[in-house]
Amino acid sequence: MAVILNTLHARAATRISLRTFRLPGPCKVTRPNALRSLNTNTTATGSSQSSRWRQILYTTGAVAGVGAIGLYYALDQSVKASGLELHPPAYPWSHNGFIKGFDHQSIRRGYEVYKQVCAACHGMKYVSYRELVGVSHTEAEAKQAASEVCIADPMLVEGVIQVLDGPDDTGKMFLRPGKLFDRFPSPYPNEEAARAANNSALPPDLSVIVLARHGGEDYIFSLLTGYMEAPAGVVLADGMHFNPYFVSGSGSIGMAQALFSDMIAYEDGTTATQSQLAKDVVTFLSWAAQPEYDKRKKASIDVSSVAPDGRVGVKGLIDCPVYCPKVLLIMIPMLVLLTFWKRHLWSTIKSRKILFRETIKPPKKS
Ligand code: HEC
(Lines give C-alpha, C1' and ligand atoms only; values in the text may rest on other atoms or scores of the structure.)
Protein backbone atom coordinates (compact mmCIF):
# COMPACT_ATOMS: atom_id res chain seq x y z
CA MET A 1 0.00 0.00 0.00
CA ALA A 2 2.85 2.34 0.86
CA VAL A 3 4.24 1.80 -2.62
CA ILE A 4 0.88 2.65 -4.14
CA LEU A 5 0.56 5.79 -2.06
CA ASN A 6 4.04 6.87 -3.01
CA THR A 7 3.26 6.35 -6.67
CA LEU A 8 0.08 8.34 -6.25
CA HIS A 9 1.84 11.11 -4.51
CA ALA A 10 4.45 11.40 -7.23
CA ARG A 11 1.79 11.41 -9.91
CA ALA A 12 -0.35 13.91 -8.09
CA ALA A 13 2.50 16.34 -7.98
CA THR A 14 2.96 16.25 -11.73
CA ARG A 15 -0.61 16.02 -12.93
CA ILE A 16 -3.05 18.90 -13.01
CA SER A 17 -6.27 16.95 -13.25
CA LEU A 18 -6.34 14.66 -10.26
CA ARG A 19 -10.02 13.80 -10.04
CA THR A 20 -9.90 11.22 -12.83
CA PHE A 21 -6.94 9.50 -11.29
CA ARG A 22 -7.25 5.69 -11.02
CA LEU A 23 -5.40 3.14 -8.95
CA PRO A 24 -2.72 1.29 -10.82
CA GLY A 25 -2.56 -2.43 -11.66
CA PRO A 26 -3.00 -4.55 -8.51
CA CYS A 27 -6.25 -2.91 -7.45
CA LYS A 28 -7.91 -2.83 -10.87
CA VAL A 29 -11.27 -4.45 -11.05
CA THR A 30 -10.73 -7.57 -13.07
CA ARG A 31 -13.78 -9.57 -12.11
CA PRO A 32 -16.66 -7.13 -11.66
CA ASN A 33 -19.17 -9.83 -10.77
CA ALA A 34 -17.08 -11.05 -7.90
CA LEU A 35 -16.77 -7.61 -6.35
CA ARG A 36 -19.31 -5.54 -4.56
CA SER A 37 -19.07 -2.08 -3.25
CA LEU A 38 -19.67 -1.49 0.41
CA ASN A 39 -23.00 0.17 -0.30
CA THR A 40 -24.49 -2.77 -2.07
CA ASN A 41 -23.02 -5.34 0.26
CA THR A 42 -25.97 -5.51 2.63
CA THR A 43 -27.93 -8.66 3.09
CA ALA A 44 -31.50 -7.47 3.17
CA THR A 45 -33.31 -9.66 5.62
CA GLY A 46 -37.07 -9.28 6.19
CA SER A 47 -36.69 -7.54 9.57
CA SER A 48 -34.16 -4.92 8.41
CA GLN A 49 -36.38 -4.10 5.42
CA SER A 50 -39.41 -3.51 7.61
CA SER A 51 -37.40 -1.31 10.00
CA ARG A 52 -36.26 0.76 7.04
CA TRP A 53 -39.90 1.23 5.93
CA ARG A 54 -40.79 2.25 9.47
CA GLN A 55 -37.96 4.78 9.42
CA ILE A 56 -39.18 6.23 6.10
CA LEU A 57 -42.72 6.38 7.49
CA TYR A 58 -41.64 8.21 10.64
CA THR A 59 -39.49 10.69 8.70
CA THR A 60 -42.28 11.45 6.24
CA GLY A 61 -44.72 11.88 9.12
CA ALA A 62 -42.36 14.26 10.94
CA VAL A 63 -41.70 16.35 7.81
CA ALA A 64 -45.42 16.54 6.99
CA GLY A 65 -46.23 17.48 10.60
CA VAL A 66 -43.66 20.28 10.76
CA GLY A 67 -44.79 21.52 7.31
CA ALA A 68 -48.44 21.57 8.40
CA ILE A 69 -47.61 23.52 11.58
CA GLY A 70 -45.51 26.00 9.53
CA LEU A 71 -48.32 26.46 7.00
CA TYR A 72 -50.89 26.98 9.75
CA TYR A 73 -48.63 29.58 11.43
CA ALA A 74 -47.99 31.43 8.14
CA LEU A 75 -51.70 31.53 7.24
CA ASP A 76 -52.60 32.57 10.77
CA GLN A 77 -50.09 35.44 10.72
CA SER A 78 -51.11 36.63 7.26
CA VAL A 79 -54.65 37.48 8.40
CA LYS A 80 -53.61 39.20 11.63
CA ALA A 81 -53.67 42.97 11.66
CA SER A 82 -50.20 43.69 13.06
CA GLY A 83 -50.68 47.41 13.59
CA LEU A 84 -50.12 50.17 11.10
CA GLU A 85 -46.34 50.03 11.14
CA LEU A 86 -44.76 49.85 7.70
CA HIS A 87 -41.38 48.27 7.13
CA PRO A 88 -39.02 50.58 5.24
CA PRO A 89 -37.84 49.43 1.81
CA ALA A 90 -34.09 48.90 1.27
CA TYR A 91 -32.58 51.92 -0.49
CA PRO A 92 -29.33 51.79 -2.50
CA TRP A 93 -27.15 53.98 -0.27
CA SER A 94 -24.06 55.17 -2.05
CA HIS A 95 -21.84 54.04 0.83
CA ASN A 96 -23.18 50.48 0.94
CA GLY A 97 -21.10 48.06 -1.04
CA PHE A 98 -17.80 46.26 -0.70
CA ILE A 99 -15.54 49.10 -1.82
CA LYS A 100 -17.81 52.09 -1.31
CA GLY A 101 -17.19 54.96 1.09
CA PHE A 102 -19.31 57.92 2.15
CA ASP A 103 -20.35 60.58 -0.34
CA HIS A 104 -18.66 63.51 1.42
CA GLN A 105 -20.51 66.18 -0.53
CA SER A 106 -23.69 64.62 0.74
CA ILE A 107 -22.31 64.72 4.32
CA ARG A 108 -21.65 68.43 3.86
CA ARG A 109 -25.15 69.08 2.56
CA GLY A 110 -26.55 66.87 5.34
CA TYR A 111 -24.80 68.98 7.96
CA GLU A 112 -26.49 72.01 6.43
CA VAL A 113 -29.90 70.33 6.77
CA TYR A 114 -29.16 69.27 10.34
CA LYS A 115 -27.98 72.76 11.27
CA GLN A 116 -30.89 74.58 9.69
CA VAL A 117 -33.71 72.15 10.49
CA CYS A 118 -33.09 69.33 12.96
CA ALA A 119 -30.84 71.21 15.40
CA ALA A 120 -33.87 73.23 16.49
CA CYS A 121 -35.05 70.17 18.43
CA HIS A 122 -32.27 67.55 18.39
CA GLY A 123 -28.78 67.69 19.87
CA MET A 124 -25.77 65.55 18.91
CA LYS A 125 -23.75 65.43 22.07
CA TYR A 126 -21.21 62.83 20.89
CA VAL A 127 -20.09 64.73 17.79
CA SER A 128 -17.72 67.67 18.00
CA TYR A 129 -17.04 70.35 15.40
CA ARG A 130 -13.42 69.28 14.96
CA GLU A 131 -14.65 65.98 13.50
CA LEU A 132 -15.99 67.88 10.49
CA VAL A 133 -12.46 68.95 9.57
CA GLY A 134 -11.21 67.00 6.57
CA VAL A 135 -14.53 65.17 6.25
CA SER A 136 -16.93 67.80 5.01
CA HIS A 137 -15.38 71.13 6.01
CA THR A 138 -12.01 72.84 6.10
CA GLU A 139 -10.64 73.83 9.49
CA ALA A 140 -11.61 77.47 9.00
CA GLU A 141 -15.15 76.46 8.01
CA ALA A 142 -15.48 74.14 11.00
CA LYS A 143 -14.27 76.90 13.34
CA GLN A 144 -16.84 79.20 11.79
CA ALA A 145 -19.54 76.52 12.20
CA ALA A 146 -18.64 76.10 15.87
CA SER A 147 -19.16 79.75 16.57
CA GLU A 148 -22.12 80.21 14.22
CA VAL A 149 -25.69 80.83 15.20
CA CYS A 150 -27.49 77.60 14.50
CA ILE A 151 -29.99 77.08 17.28
CA ALA A 152 -32.31 79.00 19.51
CA ASP A 153 -29.91 78.31 22.36
CA PRO A 154 -30.67 79.80 25.76
CA MET A 155 -27.01 80.77 25.92
CA LEU A 156 -27.12 82.68 22.69
CA VAL A 157 -25.57 86.06 23.37
CA GLU A 158 -25.36 88.69 20.65
CA GLY A 159 -25.76 86.13 17.86
CA VAL A 160 -22.94 83.82 18.98
CA ILE A 161 -23.29 80.43 20.68
CA GLN A 162 -22.04 80.80 24.19
CA VAL A 163 -20.64 77.80 25.98
CA LEU A 164 -20.49 77.66 29.74
CA ASP A 165 -16.85 77.03 30.62
CA GLY A 166 -14.67 77.31 33.66
CA PRO A 167 -13.88 77.67 36.38
CA ASP A 168 -11.46 80.52 35.59
CA ASP A 169 -8.55 81.67 37.74
CA THR A 170 -10.93 83.25 40.20
CA GLY A 171 -13.07 80.11 40.41
CA LYS A 172 -15.97 81.53 38.43
CA MET A 173 -17.71 79.97 35.42
CA PHE A 174 -17.81 82.08 32.29
CA LEU A 175 -19.39 82.15 28.84
CA ARG A 176 -17.34 81.94 25.67
CA PRO A 177 -18.07 81.44 21.93
CA GLY A 178 -18.10 77.86 20.63
CA LYS A 179 -14.75 76.34 19.60
CA LEU A 180 -13.63 73.43 17.45
CA PHE A 181 -13.48 70.96 20.34
CA ASP A 182 -17.04 71.72 21.48
CA ARG A 183 -19.76 69.15 20.88
CA PHE A 184 -22.93 69.94 18.91
CA PRO A 185 -25.09 71.58 21.57
CA SER A 186 -28.47 70.39 22.69
CA PRO A 187 -31.22 72.96 22.10
CA TYR A 188 -32.75 72.28 25.52
CA PRO A 189 -31.07 72.58 28.93
CA ASN A 190 -32.66 69.32 30.17
CA GLU A 191 -35.14 66.56 29.35
CA GLU A 192 -38.05 68.26 31.04
CA ALA A 193 -37.58 71.41 28.98
CA ALA A 194 -37.36 69.28 25.80
CA ARG A 195 -40.59 67.45 26.65
CA ALA A 196 -42.36 70.65 27.62
CA ALA A 197 -41.54 72.17 24.24
CA ASN A 198 -42.59 69.09 22.27
CA ASN A 199 -45.98 68.09 23.58
CA SER A 200 -44.27 65.76 26.13
CA ALA A 201 -42.44 63.78 23.40
CA LEU A 202 -38.65 63.68 23.82
CA PRO A 203 -36.58 64.40 20.70
CA PRO A 204 -33.73 61.87 20.97
CA ASP A 205 -30.06 62.78 20.59
CA LEU A 206 -29.14 62.06 16.95
CA SER A 207 -25.42 61.19 17.43
CA VAL A 208 -25.91 57.45 16.98
CA ILE A 209 -29.54 57.28 15.92
CA VAL A 210 -28.69 55.46 12.66
CA LEU A 211 -27.27 52.55 14.64
CA ALA A 212 -29.89 52.80 17.36
CA ARG A 213 -32.90 52.08 15.15
CA HIS A 214 -33.76 48.85 13.39
CA GLY A 215 -33.48 49.51 9.66
CA GLY A 216 -30.84 52.24 10.14
CA GLU A 217 -30.64 54.67 7.24
CA ASP A 218 -33.64 53.15 5.42
CA TYR A 219 -35.84 53.64 8.49
CA ILE A 220 -34.85 57.25 9.11
CA PHE A 221 -35.18 58.18 5.43
CA SER A 222 -38.63 56.57 5.31
CA LEU A 223 -39.61 58.30 8.55
CA LEU A 224 -38.60 61.73 7.26
CA THR A 225 -40.38 61.31 3.94
CA GLY A 226 -43.33 59.19 5.10
CA TYR A 227 -45.68 61.72 6.71
CA MET A 228 -49.29 61.55 5.56
CA GLU A 229 -52.88 62.20 6.59
CA ALA A 230 -54.09 59.75 9.21
CA PRO A 231 -56.29 57.14 7.50
CA ALA A 232 -59.99 56.95 8.30
CA GLY A 233 -60.60 55.42 11.70
CA VAL A 234 -57.29 56.52 13.22
CA VAL A 235 -57.79 59.18 15.84
CA LEU A 236 -54.69 61.16 16.74
CA ALA A 237 -54.21 62.86 20.08
CA ASP A 238 -53.70 66.62 20.10
CA GLY A 239 -50.33 67.66 18.70
CA MET A 240 -49.59 64.20 17.29
CA HIS A 241 -48.89 63.41 13.63
CA PHE A 242 -49.28 60.34 11.48
CA ASN A 243 -46.31 58.44 10.08
CA PRO A 244 -46.78 54.75 9.21
CA TYR A 245 -43.03 54.04 9.54
CA PHE A 246 -42.76 55.18 13.17
CA VAL A 247 -41.82 52.30 15.44
CA SER A 248 -44.64 52.93 17.91
CA GLY A 249 -46.80 50.71 15.72
CA SER A 250 -49.84 53.00 15.91
CA GLY A 251 -48.31 55.50 13.46
CA SER A 252 -48.75 58.32 15.92
CA ILE A 253 -45.58 60.42 16.32
CA GLY A 254 -44.78 63.54 18.33
CA MET A 255 -42.49 64.99 15.65
CA ALA A 256 -44.17 67.01 12.92
CA GLN A 257 -43.01 66.71 9.30
CA ALA A 258 -39.64 68.48 9.28
CA LEU A 259 -38.58 68.39 5.63
CA PHE A 260 -40.27 70.15 2.72
CA SER A 261 -38.96 70.63 -0.80
CA ASP A 262 -36.95 73.82 -1.35
CA MET A 263 -37.01 74.77 2.34
CA ILE A 264 -33.26 75.49 2.18
CA ALA A 265 -30.97 76.51 -0.67
CA TYR A 266 -27.90 74.30 -1.00
CA GLU A 267 -24.66 76.20 -1.54
CA ASP A 268 -23.58 73.75 -4.27
CA GLY A 269 -26.77 74.33 -6.23
CA THR A 270 -28.26 70.86 -5.68
CA THR A 271 -32.03 70.93 -5.96
CA ALA A 272 -33.39 70.61 -2.45
CA THR A 273 -36.29 68.23 -2.95
CA GLN A 274 -37.69 66.56 0.15
CA SER A 275 -36.05 63.24 -0.67
CA GLN A 276 -32.72 64.94 -1.45
CA LEU A 277 -32.81 66.70 1.93
CA ALA A 278 -33.68 63.45 3.67
CA LYS A 279 -30.98 61.50 1.84
CA ASP A 280 -28.33 64.09 2.71
CA VAL A 281 -29.24 64.40 6.36
CA VAL A 282 -29.36 60.63 6.75
CA THR A 283 -25.92 60.30 5.13
CA PHE A 284 -24.67 62.93 7.58
CA LEU A 285 -26.24 61.08 10.53
CA SER A 286 -24.80 57.82 9.28
CA TRP A 287 -21.31 59.33 9.19
CA ALA A 288 -21.83 60.84 12.67
CA ALA A 289 -22.75 57.43 14.08
CA GLN A 290 -19.73 55.73 12.52
CA PRO A 291 -17.04 58.30 11.66
CA GLU A 292 -14.53 55.48 11.29
CA TYR A 293 -16.61 53.91 8.47
CA ASP A 294 -14.38 54.91 5.54
CA LYS A 295 -11.19 53.90 7.33
CA ARG A 296 -12.70 50.61 8.41
CA LYS A 297 -13.76 49.77 4.87
CA LYS A 298 -10.40 50.80 3.48
CA ALA A 299 -8.54 48.74 6.07
CA SER A 300 -10.52 45.63 5.21
CA ILE A 301 -9.50 45.79 1.57
CA ASP A 302 -6.10 47.41 1.93
CA VAL A 303 -3.07 45.24 2.48
CA SER A 304 -0.66 48.02 1.75
CA SER A 305 2.10 49.41 3.89
CA VAL A 306 2.62 53.14 4.04
CA ALA A 307 6.21 54.31 3.63
CA PRO A 308 7.48 57.19 5.83
CA ASP A 309 7.27 59.53 2.83
CA GLY A 310 3.60 58.73 2.48
CA ARG A 311 3.91 56.43 -0.54
CA VAL A 312 1.65 53.41 -0.45
CA GLY A 313 2.76 50.00 -1.63
CA VAL A 314 2.07 46.30 -1.26
CA LYS A 315 4.28 45.45 1.71
CA GLY A 316 6.72 47.99 0.35
CA LEU A 317 7.12 46.14 -2.97
CA ILE A 318 4.90 47.87 -5.47
CA ASP A 319 3.73 51.46 -5.62
CA CYS A 320 0.07 51.33 -6.42
CA PRO A 321 -2.31 54.15 -5.55
CA VAL A 322 -5.47 52.16 -6.28
CA TYR A 323 -6.72 50.03 -3.42
CA CYS A 324 -8.70 47.26 -5.05
CA PRO A 325 -5.96 46.05 -7.43
CA LYS A 326 -3.57 45.87 -4.51
CA VAL A 327 -5.78 43.34 -2.84
CA LEU A 328 -6.15 41.41 -6.05
CA LEU A 329 -2.39 41.44 -6.64
CA ILE A 330 -1.92 39.53 -3.42
CA MET A 331 -5.09 37.51 -3.25
CA ILE A 332 -5.24 36.00 -6.75
CA PRO A 333 -1.76 34.43 -6.76
CA MET A 334 -2.35 33.24 -3.20
CA LEU A 335 -5.67 31.69 -4.17
CA VAL A 336 -4.05 29.82 -7.08
CA LEU A 337 -1.21 28.56 -4.89
CA LEU A 338 -3.52 27.50 -2.11
CA THR A 339 -5.80 25.66 -4.54
CA PHE A 340 -2.93 23.61 -5.92
CA TRP A 341 -1.51 23.00 -2.48
CA LYS A 342 -4.87 21.77 -1.19
CA ARG A 343 -5.34 19.47 -4.19
CA HIS A 344 -1.84 18.16 -3.72
CA LEU A 345 -2.43 17.38 -0.03
CA TRP A 346 -5.75 15.66 -0.66
CA SER A 347 -4.73 13.82 -3.81
CA THR A 348 -3.98 10.53 -2.03
CA ILE A 349 -7.36 10.52 -0.35
CA LYS A 350 -9.39 11.84 -3.28
CA SER A 351 -8.01 9.33 -5.77
CA ARG A 352 -8.38 6.28 -3.50
CA LYS A 353 -11.06 3.71 -4.23
CA ILE A 354 -11.98 1.17 -1.62
CA LEU A 355 -13.45 -2.08 -2.81
CA PHE A 356 -14.23 -5.29 -0.96
CA ARG A 357 -13.30 -8.63 -2.47
CA GLU A 358 -15.76 -11.43 -1.90
CA THR A 359 -14.11 -14.62 -0.78
CA ILE A 360 -14.59 -17.16 -3.52
CA LYS A 361 -15.39 -20.50 -1.99
CA PRO A 362 -14.22 -23.64 -3.72
CA PRO A 363 -17.12 -25.59 -5.31
CA LYS A 364 -18.53 -28.28 -3.03
CA LYS A 365 -17.73 -31.80 -3.87
CA SER A 366 -20.85 -33.77 -4.52
C1 HEC B 1 -39.89 70.73 16.02
C2 HEC B 1 -39.01 69.78 16.61
C3 HEC B 1 -38.33 68.76 15.75
C4 HEC B 1 -37.63 68.95 14.59
C5 HEC B 1 -37.36 70.24 13.83
C6 HEC B 1 -37.12 67.66 14.22
N7 HEC B 1 -37.53 66.72 15.11
FE8 HEC B 1 -37.09 64.77 15.09
N9 HEC B 1 -38.21 64.45 16.74
C10 HEC B 1 -38.88 65.42 17.43
C11 HEC B 1 -39.61 64.80 18.51
C12 HEC B 1 -40.50 65.51 19.51
C13 HEC B 1 -39.36 63.42 18.44
C14 HEC B 1 -39.92 62.32 19.33
C15 HEC B 1 -41.16 61.73 18.65
C16 HEC B 1 -41.89 60.71 19.51
O17 HEC B 1 -41.26 60.04 20.32
O18 HEC B 1 -43.12 60.62 19.33
C19 HEC B 1 -38.45 63.24 17.32
C20 HEC B 1 -37.97 62.01 16.93
C21 HEC B 1 -37.06 61.84 15.92
C22 HEC B 1 -36.44 60.58 15.58
C23 HEC B 1 -36.61 59.26 16.30
C24 HEC B 1 -37.77 58.45 15.79
C25 HEC B 1 -37.82 57.13 16.53
O26 HEC B 1 -37.81 56.10 15.87
O27 HEC B 1 -37.84 57.14 17.78
C28 HEC B 1 -35.59 60.82 14.53
C29 HEC B 1 -34.72 59.80 13.81
C30 HEC B 1 -35.71 62.21 14.21
N31 HEC B 1 -36.60 62.81 15.06
C32 HEC B 1 -34.99 62.80 13.19
C33 HEC B 1 -35.12 64.13 12.87
C34 HEC B 1 -34.39 64.73 11.79
C35 HEC B 1 -33.36 64.03 10.89
C36 HEC B 1 -34.77 66.02 11.75
C37 HEC B 1 -34.31 67.07 10.77
C38 HEC B 1 -34.54 66.82 9.40
C39 HEC B 1 -35.71 66.23 12.81
N40 HEC B 1 -35.91 65.07 13.47
C41 HEC B 1 -36.34 67.43 13.10
C42 HEC B 1 -38.88 66.76 17.16
C43 HEC B 1 -38.28 67.35 16.07
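Descriptive notes on the structure:
- Residues that are within 26 Å of VAL135 (Cβ to Cβ) and at pLDDT 85 or above were ranked within region 147-184; the one that is surrounded by the fewest Cβ atoms within 10 Å (Cβ to Cβ) is PHE181.
- Pairs with Cβ under 8 Å, 6+ apart, first in region 350-366 and farther than 30 Å from PHE340 by Cβ, second in a loop (DSSP other than H, G, I, E, B): PHE356/SER37; PHE356/LEU38; PHE356/ASN41
- Of all residues in region 240-266, those that are closer than 16 Å to ALA120 by Cβ have Cβ atoms under 9 Å from Cβ atoms of residues that are assigned to a strand (DSSP E or B) and more than 8 Å from the ligand (Cβ to nearest atom), 6 or more apart or on another chain, in GLY254/HIS241; MET255/HIS241; ALA256/HIS241; GLN257/HIS241.
- Residues (acidic (Asp, Glu) and touching a Ser or Thr at 6+ places or on another chain (Cβ under 8 Å)) located in region 260-285: ASP262, ASP280
- Number of residues in region 188-224 that are within 10 Å of the ligand (Cβ to nearest atom) and within 23 Å of PRO244 (Cβ to Cβ): the value is 19.
The values are calculated or read from the model by the stated rules, or taken from the named source; none is laboratory data. No experiment lies behind these values; they were computed from the predicted model shown. In this analysis, Cβ positions are derived from the backbone assuming ideal geometry, glycine residues included, and neighbour counts consider all displayed protein chains.
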